[in-house]
1. Between Leu74 and Gln232, what is the spin-label point distance in nm, taking each point 7 Å from the Cα along the Cα→C-beta axis?
2. What spacing in nm lies between the two simple spin-label points modelled at Gln149 and Leu166, each 7 Å away from Cα in the Cβ direction?
3. Whole percent per 10 Å bin, from 0 to the bin with the longest distance: what is P(r) over all C-alpha pairs of the chain?
4. Given 0.36 nm per residue, what is the gain on full extension from Phe20 to Phe84 after removing their alpha carbon distance, in nm?
5. Which chymotrypsin sites (Phe, Trp or Tyr not before Pro) does region 23-54 hold that lie in a coil by DSSP with at most 11 other beta carbons within 10 Å?
6. Placing one identical point scatterer on every Cα of region 98-153 and ignoring solvent, what is log10 I(q)/I(0) from the Debye formula at q = 0.16 Å⁻¹?
7. Within 10 Å, at most 14 other Cβ atoms, and a DSSP state outside H, G, I, E, B define an exposed site. Report the longest part of the chain free of exposed GluC sites (Glu not before Pro).
8. Which of the listed residues, Val286, Leu91, Phe132, is farthest toward the dipole's positive end in the chain, when Lys, Arg count +1 and Asp, Glu count -1 at the beta-carbon?
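What follows draws every value from the coordinates through simple rules; no lab data is involved. All of these numbers come straight from a predicted model, not from anything done at the bench. Reconstructed Cβ throughout: ideal geometry from the backbone, glycine too, with neighbour counts over all protein chains shown.
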Amino acid sequence: MIYTLKKYQFHIYTTLVFTFLSNWLNVCFQAIIAFFLILSLGLIHGANDIQLIQKKTEKNGNFIFLRTILLYVLVVLAGIFLFFFLPKLGLTFFVAFSAFHFGEQHLESKIEINANYFHKFLLYFTYGISLFGLLFTLQWDEVHGIIWQIAGFFVTKQDMEFLFLLGLIPFLILGISSRQIRSILFAEVLMLFVIGLLFSRSSLIMSFGVYFVVWHSIPSIKDQLIFLYPNQQHSFLSYLRSSAPYWIFSLIGLLLVYFLFDITSDAFLPLFFSFLAAITFPHTVVMGWLKLSEKHSIPEQDKQT
């Protein structure tokens, strides 16, 4: 457990610092910090999907690369269609995909290579669901309003508490049955408690922004750097250069929608989370595909910050 906590010193200390700052900053300043985090490292971590696909398919020829890109574009369009034309289904898919993606990023390096894939899938998914349930429960005042604006249905606080338990209890049961997770299960629960402190003391956007960047985006960027530039110095600069076009395009797209459609301040957060959802689907698919097919290519000791 001590080893696990040492590996997460940066994440824990940073989360506690932001939790402390949230007690002194008003909602406006918290939003500024959160949007800066999400629109910088948060957005950049998902901006290199095309290069990841190219790297993965470089030995298979142009046809495989083009076919994969076509599938990627179809996933992007499907995500946009679902969220803007079938918002209830889109929101459900967003939470489910993101739960699995967050759980996979956090736990993938801690589960033995020969573990049953269905067992791993359930561990990833239930961890992510417990995380979302914790956020939604502690931030219910804001969350239920956003869900109503996006999907048009009302959720009670009891619904969110049930979602939290629906994730946490199976995760604990599955964790106890997994040798590697069992050895660090108490540390994982303790880290959920630390994250819960942030969620309870900060605004919704600050809570999500800090978790998304500190606990998810930064470790994901490290994994991508190892995969894309295994023997290159200054790899982060190369990563930024290759990410820049998609990152800039995403920012411009968000700003155009905001200004051209005269979005009110009350509607901005639903728009922002819809925007994140639309770009989450393809990134989740790409990262899941890479982790499934390249599970032996990233050294275990280098996977997490």
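1. Those two pseudo-labels are separated by 3.0 nm.
2. Placing both labels 7 Å beyond Cα along the Cβ direction yields 2.4 nm.
3. That works out to 6, 26, 37, 25, 6, 0, in percent per bin.
4. Gain in length upon complete extension: 19.4 nm.
5. Answer in residue order: Trp24.
6. -0.57
7. Here the longest run is 113-293.
8. Sorting the options by dipole projection puts first Val286.
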